[in-house]
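Structure first, commentary second.
We did not get these values from a lab; they are worked out from the coordinates using the rules stated. Computed from a predicted structure; not experimentally measured. Here Cβ is always computed from backbone atoms with ideal geometry, including for glycine, and neighbour counts include all displayed protein chains.
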Amino acid sequence: MNLYPFFKRKGYMEKRQERYRIGLIVGNVEDVFSNQVCKGAMDAVEITGDDLFIFPVKYLDRCEIDKKDPKQKYEYQYNVLLSYANSKALDMLLICLSSIGYMSSEERCMEVLNSFDGIPVLLIASDVAGYSCVKYDNVSGFRDGLTYLINVRGCNQIGMLAGTRQNSDARERLDVYKEVLKKNGIPIDEKLIVRGELSEKCKESAEILIANNPNLDAIVCANDAMALAVYDVLALSDRKIGKDICILGFDDIEEAAYMKPPLATVRADASILGYRAVIEAHAILEDCNFSETRKIIVATKFILRESTSGISEQNIASGQENAEDYKKKLQDMIHMNHRMNIVNRDMLMFGNSNVYNYANFLEAFTIANINSCYMYLLSKPSEHHENHTWTLPEAIYLRSYRIGEEVVEIPRSKQRLSIDEIFNNSYLDKERRTYIIIDIYSRELQYGILMCELPYQYFHYLEMVCYQISIAIKIMGLFAVQEKLLVDKEEMVHKLKAENLLLDDISNKDELTGLLNRRGFINSVEKLLAKENNLGAKAVIIYVDLNYLKQINDRYNHEEGDFAIKICALALEETLGESGMIGRIGGDEFVGAKLVSDYGEGENIKRQVKINLQKFSDRMNKPYEVTASVGVYAFEVKEGLLLNSLMEQADDLLYEDKKRKGPFVETGRNGE
């Protein structure tokens with residue numbers, strides 16, 4: 001099936017004299033929209049013969065959201081790729097402005113746009129005066145879907161899960177919603193409109209919309225990702241989608257047809273946006289016509305499925321094709337996981353003799369179909385803190401590169417390049433290429449970038465690749481520091497040993513509570529059981545599971561959840577004392593071990609854990625009670641004991657105790 005007939009109609013198959021360098025700025029390539037835009041753009045450059053450089057900058061101004069999740073605390077680092085994209089070596093930039101700036105103000109988006117002064121820009125899914133753009137027709141397909149809900153299904157209590165005010169597509173779709181309702185004599189009720197993040201993370205917004213409007217007979221969503229969240233919320237109720245309440249999405253993502261029930265949506269193929277954007281960019285560059293602005297509208301179409309029709313359509317052939325498709329994806333995933341495990345192993349094999357041997361690094365970084373990659377590093381790590389402007393240095397260093405099987409480490413005297421030379425230097429492959437730019441960072445430190453040909457089917461592994469590269473580069477830096485210390489005076493050698501001990505201690509500790517982590521606990525207890533003078537001694541294993549952590553996280557916030565975990569840790573320390581060993585081995589799971597004088601002490605310990613929990617909970621004056629389920633298993637220390645078996649015995653007893661746990665108690669206290 002030819003999805004892109006436009007290109008051939010315009011006659012662009014003719015031979016050109018020049019290969020252009022086109023930059024594409026997108027959000028997170030693991031998100032549906034950005035992923036599909038990249039796919040379309042990559043398909044287009046295969047025909048135009050241009051080089052494509054993809055900059056996955058993620059999203060602007062998300063610090064307040066991301067820092068609530070420790071795993072996303074440093075997501076802002078990806079934004080530095082905007083600085084790399086601001087290069088005169090690129091002939092044109094394609095920017096998904098409303099996507100990367102969906103949390104930003106209009107002023108902030110314009111500030112980013114204006115920063116690319118002197119570089120031709122074409123916008124994708126955004127419409128700004130003075131700029132050419134390729135965007136969706138947000139009206140026709142969405143209007144048809146709403147009209148179907150009203151005229152065919154008789155819906156008149158239609159809620160909308162709208163996107164953010166900053167996103168132009170979301171604004172247009174909200175306008176269509178209001179226009180269609182007014183046209184059909186349905187009053188606009190602002191209570192039926194709830195804004196949320198344009199992703200599956202809008203679950204809280206979906207809950208608010210549904211809880212505040214019990215008479216809803218339909219929900220329309222700004223995109224399909226938001227509809228996924230609505231499905232999750234409704235799954236907890238007795239309302240059947242398509243029968244009791246209709247759901248309409250927008251985008252027609254791959255999963256839409258296979259959801260239960262299949263999601264009615266508006267087909268808006270983001271890959272066509274990416275494709276048409278490249279075609280238009282190429283045409284503009286060929287014509288050298290930068291003064292005339294062009295606006296390309298990509299058509300949309302209402303796709304009727306069971307979530308609005310209420311009629312089940314069984315398509316066995318489609319199901320079989322879907323099964324085969326997912327089977328292929330699963331095989332690719334297994335292969336990629338295996339490949340990344342090998343990469344991880346090889347990278348961690350770097351020893352002192354390999355310090356700053358970047359060729360060894362690229363030899364380890366071998367993934368099928370990555371034909372070339374280039375490692376550009378800063379002269380030294382550069383700090384970048386959230387909400388601070390980061391300035392790209394004037395020069396960067398091409399440490400090593402790989403084309404096919406050949407890995408080349410460039411002489412140090414020839415490594416220094418200007419930023420513009422990243423995309424145009426004599427070391428680049430002479431053939432047409434599509435590169436993705438991977439940011440290399442660790443916490444607040446920027447190290448540089450890796451520019452590589454990552455096959456489209458591996459885009460969902462981009463973050464994993466980013467993390468592994470960053471870890472390896474950081475390890476190489478640590479080895480360099482270690483070598484320097486080893487040649488220093490004896491005082492410096494002692495300092496290194498102390499730092500290594502500290503690192504070892506940290507690797508055994510849980511960062512949140514200061515207790516041992518799983519590794520540290522197992523090592524410590526196995527040493528305890530292996531001591532000859534402990535043979536024949538009595539001991540206990542204590543398994544503790546914090547009750548209702550999810551409710552605390554959901555109703556208060558994750559900071560309160562962390563606080564509850566810390567209270568549990570304090571109660572265990574108070575109970576077991578200095579002679580006990582305690583570890584946090586999961587989100588809400590703790591385990592302890594202690595030598596005792598009598599087996600009966602196990603029940604006393606169990607009781608005392610709960611008493612201390614109550615004491616600390618009362619003392620902290622929180623609006624909820626912190627409780628836990630406890631299992632204590634007593635045993636005699638002897639040869640051949642398996643710690644895992646002992647922990648399983650304690651876990652079984654914990655399970656019995658959990659059956660007797662009381663309800664989640666909210667105290668009504670105001671907190672500290």
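A few comments on the model shown:
- Shape class of segment 508-658 from the Cα gyration tensor (axes a ≥ b ≥ c, square roots of the eigenvalues): prolate, since a/c reaches 1.5 or more and a/b is larger than b/c.
- 5 angstrom amide H check on Y136, placed H, neighbours 5+ away: A125, V298
- Backbone HN-Hα couplings from phi across segment 524-539 [Karplus 6.51/-1.76/1.60, Hz, Gly and Pro as x]: 5, 5, 5, 5, 4, 6, 7, 5, 4, 6, 9, 4, x, 6, 8, 8
- Evaluated with a Cβ-only charge set (Lys, Arg +1; Asp, Glu -1), segment 81-139 carries a dipole of roughly 140 debye about its Cα centre, given to the nearest 20.
- GluC sites (Glu not before Pro) restricted to DSSP loop in segment 573-611 with at most 14 other C-beta within 10 Å: E578
- Phi-derived couplings, Karplus 6.51 cos²θ - 1.76 cosθ + 1.60 at θ = phi - 60°, listed residue by residue for segment 212-221: 7, 9, x, 9, 4, 10, 7, 10, 10, 10 Hz, with x used for Gly and Pro.
- Remark: for residue pairs K550/K594; K527/K638; K201/K550, the C-alpha separation exceeds 21 Å in K550/K594.
- At most 14 other Cβ within 10 Å, DSSP loop - trypsin sites (Lys or Arg not before Pro), segment 507-546: K531
- Averaging the sequence gap over all C-alpha pairs within less than 8 Å and six or more residues apart, then dividing by the number of residues, gives segment 250-312 a relative contact order of 46 percent.
- Close amide H contacts of A162 (hydrogens built in the peptide plane, cut-off under 5 Å, sequence separation of 5 or more or a different chain): V194, R195, G196.
- Note: relative contact order over segment 534-672, using C-alpha pairs below 8 Å and six or more positions apart, is 36 percent.
- For segment 110-115, the Karplus equation 6.51 cos²θ - 1.76 cosθ + 1.60, evaluated at θ = phi - 60°, returns couplings of 5, 4, 5, 4, 5, 5 Hz by residue, with Gly and Pro reported as x.
- Taking other Cβ atoms within 10 Å as a rough exposure proxy, L398, L576 sort from fewest to most as L576, L398.
- Cut-off under 5 Å, modelled amide H: who pairs with I303 long-range: T265, V266, R267
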